[in-house]
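Read through the structure below, which is laid out as structure tokens, and then see the notes.
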Ligand code: PLP
């Protein structure tokens, strides 16, 4: 047995030894398509020569310099690329090593902002049920994922409360229009502000497209505009967690571009470094930075490895590859094909209740019967079965489910690299379809 603490302590996983394009290979020569190995990270695929070259060049020049003394060229460059043109008014970036760390940074920056602008009474966050913002305690406090919260509930912060997500498949009433459902969600959010005291709320935090917990659940038109209006009415910040759905995954660089709103703080990770280096970050609106600059003039937070030179160099190269190779065009084109193939394969499938997503970020929700939307018994551990059947057929996908609140069905996510071709989309859906059928 391995001495590493793996996700399972009962069974050692296969050892990955090589990656090339959309493929991963293990020590026994088994080849697997990275159709979403874990959660939508490897957006360029594996072995990209330009990114590898950039990492090597950075290492030759500078591996590390502590941010208490220095900035470095790759971090400055990455910030220029991300916010130099002030997308949506976002003017500053802070980089760290993961999505969870980035959420922690967003939470603390938001709190500090209100201290600086002399509203210290703002101490509360509103987040959403069935959400995931990370596994560190602050990020987990924001998360609404019941299963992930449960073991640590006594340690989680009461500063976070949760309202319903926009989950039309299950939560829109049979006789409700989209607009009525969105209005109901806005009334719930407004009521939560009132319950807490509107001037005690720091911000509202949400994933533009819900990733791991709901499986690519997109919001209905008008939802985020409504959220923005409620936040503005009460002077609270809108914090969008694009760790999974951002950096091109949904067909635009930022998922909020498709929602007609701009955040005050945006959280990114995963696709930012595309798996070549661990990196996450927050992008911050100019008015928030002005508040800090006029006050203490510093962000009272930091990590030893923040804005790491090599991680930033990798992320710069990733962004260059995306731009040079016009990969977002491919995300949109292959995303449309993936949707079409999923609808062909599962549109009438008895156990597929919903097919949803955007760009190259798609999921199916599994139910015992599409007419009743009844969830499978969590004891079946359907997600484990889907994962195993897919892996055996040479496909890594991302199944989740069996949450303890008993309301969520199992779902499985596909999030292939942005370089995927039409033939590969067909292969992915073939393998996925066979795996789902075998698992049920
Ligand atoms: N936020 C979202 C939306 C995520 O999907 C995840 C990870 O899946 C995180 C935060 C946490 O990121 P990390 O695992 O890099 O800490």
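Key figures
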quantity: Förster-model FRET efficiency, 35 Å R0, residue 323 and residue 233, C-beta, rounded to 0.05; calculated: 0.40
quantity: Relative exposure of 361, 376, judged by other C-beta atoms within 10 Å (fewest first); calculated: 376, 361
quantity: Per-pair calculated FRET efficiency, R0 = 60 Å: residue 25 and residue 296 via Cβ, rounded to 0.05; calculated: 0.75
quantity: Percent of C-alpha pairs per 5 Å bin, segment 328-384, short to long; calculated: 5, 19, 22, 19, 16, 10, 6, 2, 0
quantity: Pairwise label distance in nanometres, residue 171 with residue 136, each label 7 Å out on the Cα-Cβ vector; calculated: 2.7
quantity: Cβ-Cβ FRET estimate between residue 59 and residue 150, R0 fixed at 45 Å, reported to 0.05; calculated: 0.60
quantity: Rounded to 5, percent antiparallel among DSSP beta bridges of segment 52-324; calculated: 45
quantity: Convex hull of segment 304-440 built on C-alpha atoms - directionally averaged projected area, nm²; calculated: 10.5
quantity: Segment 156-304 - Rg and Dmax from Cα coordinates, angstrom; calculated: 16.4, 54
quantity: Percentage, to the nearest whole number, of Cα pairs in segment 116-163 over 19 Å apart; calculated: 24
quantity: Taking all pairs of distinct alpha-carbon atoms in segment 250-317, Kirkwood radius in angstrom; calculated: 13.9
quantity: Calculated over segment 122-231: convex hull of Cα atoms, volume per residue (Å³); calculated: 96
quantity: Fluctuation leader among 324, 344, 259 - the chain, Gaussian network, Cα springs under 10 angstrom; calculated: 324
quantity: Beta bridges by DSSP in segment 206-282, antiparallel share as percent, to the nearest 5; calculated: 50
quantity: Relative contact order %, the chain, counting alpha carbon pairs below 8 Å whose residues are six or more apart; calculated: 22
quantity: Cα-based equivalent ellipsoid of the chain: semi-axis lengths in Å, sorted from largest, via gyration tensor; calculated: 32, 29, 20
quantity: Principal axes of segment 8-166: Cα extent on each, largest first, Å; calculated: 57, 43, 30
quantity: Ascending count of other beta-carbon atoms within 10 Å, so fewest first, for 391, 204; calculated: 391, 204
quantity: Additional length obtainable on full extension of the chain from residue 180 to residue 430, 0.36 nm per residue less Cα span; calculated: 86.2 nm
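Since every read-out is calculated from the coordinates, none of them should be taken as a lab result. Computed from a prediction, not measured in an experiment: that's the story for all the values here. Neighbour counts are summed over all protein chains in view; Cβ atoms, including those assigned to glycine, are modelled from backbone coordinates with ideal geometry.
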